[in-house]
Amino acid sequence: MSQGALVKRQFGHRARLALSGAEVLKTDEQAHAARTLWNCLHAWWRMMPKEKRTLANADAAIRQARKDIDFLAALPDQAAQAVLKTYFQAWKNCWEGRADAPTFKGRFRSVMSVDIPQGRDLQVKRVHRRWGIANIPKVGRVRFRWTKDLPIGKRANADNRITGARLVKDHLCWHIAFRVTAVDIAPELHQGPEAGIDAGVNLPLALSDGNHQDHGRPARLADGTADRDKWLNPGEKAKLLRLERRAAHRKSFRKPKERSSNRLKDTYDQIRGVRAKATRRHQDWQHKTTTRLAKTYGVLVVEALTITNMVKSAKGTLEAPGSNVRQKAGLNRSISQEAWGRTVTLLTYKTSRYGSALVKVPAPGTSQRCSACGTTTPGSREDQATFVCKNPECGWSGNADWNAARNILHLYRIGHVAIPAAGRAVVRRTKRVKPVTAR
């Protein structure tokens, strides 16, 4: 692709909705109807023979269900068809090995969402510097926070337009996620330096050039235990502790197999609301950090990690019980809290947008190998945070995550690329490069 050429880009933009009490109830009804319709489809799928599991038969089944079940009428027709298409796509992803098989959606465990597949139904307008208005079927005109220019009005055409949206609810409020198609000028090739990135727990993102990205929140408490609520301030931590104790007290009165009381559910909702604040702050830090990295560096190199295998439990079985189960569980929580996979996802599309590239290299050995002499000596990682090379001819020492980042960049420079670059084309270097010298 030549520089300056036009490229078609599809992206999403999420904005916060400002709904009244009545509008929240209507949107909640639609979300519960969509979840119920999904469960009806799943029950129909399990009952039908394989030869009758067709899109036409499923469409006829949901049309009959919307006639028989009154509250399903709260869901617009287009949204109901979107549920049908999403369900069949979920099975296709399962058959092709990209996801697990779809299951029933629980009332309190699943994310509440409603799809608006037609962009023309939204009728988006900007009414203020900070607010815009969109039309939600069977809800009406609602306000949303305007934080990004959208192709509306005279700027909207066949190549630049809003193709649809999705309403998503977290434990604080409703959001609208626009699906946008735009034609932009291809970015020029980024001429910035190369950098290897190692994702860690104590140091979130360690870079090979020493420009580490830290969110300024300690990963551990004074007693050495992992801080699960590091994104909350002291007042919010105290509030969360009170709510958790209140929930435990109210839960003690519930008998086995008895439904939870409304008071207990209300306490759980308050806990989720506090934790949602921490999630928002972490996502904000990730977005700002990945944007800064994509603008600064021409090539970013990361490890090809299988995070699902890294966070598996160590408890083992009755015949072969595991060891250090509690310590491994704490590490798994810390890895999940840092959301390494989301960081790579953000870097993938941001590097392509700014003309840089993202490359993945094999992960084995990057944290045990010395970046100064290139040897792997047992005992070099006795301390989790510090790497001390046990090779008598070397003896280099430094931050363990920084050492791994230098090794990651070295693997890319000698041509050990696991997955091709995302974004602009990158020439793989095959000549032998000396190990990174100590700084």
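Read the figures in this text as sums done on the coordinates, not as results from a lab. What you see is a predicted model, and the numbers here were worked out from it, not measured in a lab. So basically every Cβ, Gly included, is an ideal-geometry build from the backbone, and we count neighbours across all protein chains shown.
Amide H to amide H, with H built 1.01 Å from N, LEU189 comes under 5 Å of no residue 5 or more places away or on another chain. Ranking LEU6, TYR87, VAL139 by Cα position along the charge dipole of the range 6-185, where only Lys, Arg, Asp and Glu carry charges on their C-beta atoms, puts LEU6 farthest toward the positive end.
Taking square-rooted eigenvalues a ≥ b ≥ c of the alpha carbon gyration tensor, is the range 104-208 rounded, prolate or oblate, where a/c under 1.5 means rounded and, failing that, a/b exceeding b/c means prolate? Please report the intermediate quantities before stating the final value.
Values: a/c = 2.34, a/b = 1.29, b/c = 1.81.
Cα axes put the range 104-208 in the oblate bin.
In the chain, helices alone account for a calculated mean residue ellipticity at 222 nm of -12000 deg cm²/dmol, with every DSSP H run of four or more residues adding -39,500 (n - 2.57). Take the chain and mark each of the GluC sites (Glu not before Pro) that is in a DSSP loop with at most 12 other Cβ atoms within 10 Å; the longest unmarked stretch, sites excluded, is 1-95. For the chain, the list of Cys residues with no other Cys C-beta under 4.7 Å reads CYS40, CYS94, CYS173.
Cross-link reach is defined here as a Cα-Cα straight distance under 13 Å, omitting same-chain residues fewer than 8 places apart; for LYS237 the aspartates and glutamates meeting it are ASP227, ASP229.
Projecting the Cα positions of GLY21, HIS212, SER260 onto the charge dipole of the chain (unit charges on Cβ atoms of Lys, Arg, Asp and Glu, taken about the Cα centre) puts GLY21 furthest along the positive direction.
Among (i) 25.5; (ii) 23.3; (iii) 22.2, which is the computed Kirkwood radius over Cα pairs in Å? Among (i) 25.5; (ii) 23.3; (iii) 22.2, the one derived from this structure is (i). Close amide H contacts of SER208 (hydrogens built in the peptide plane, cut-off under 5 Å, sequence separation of 5 or more or a different chain): GLY196.
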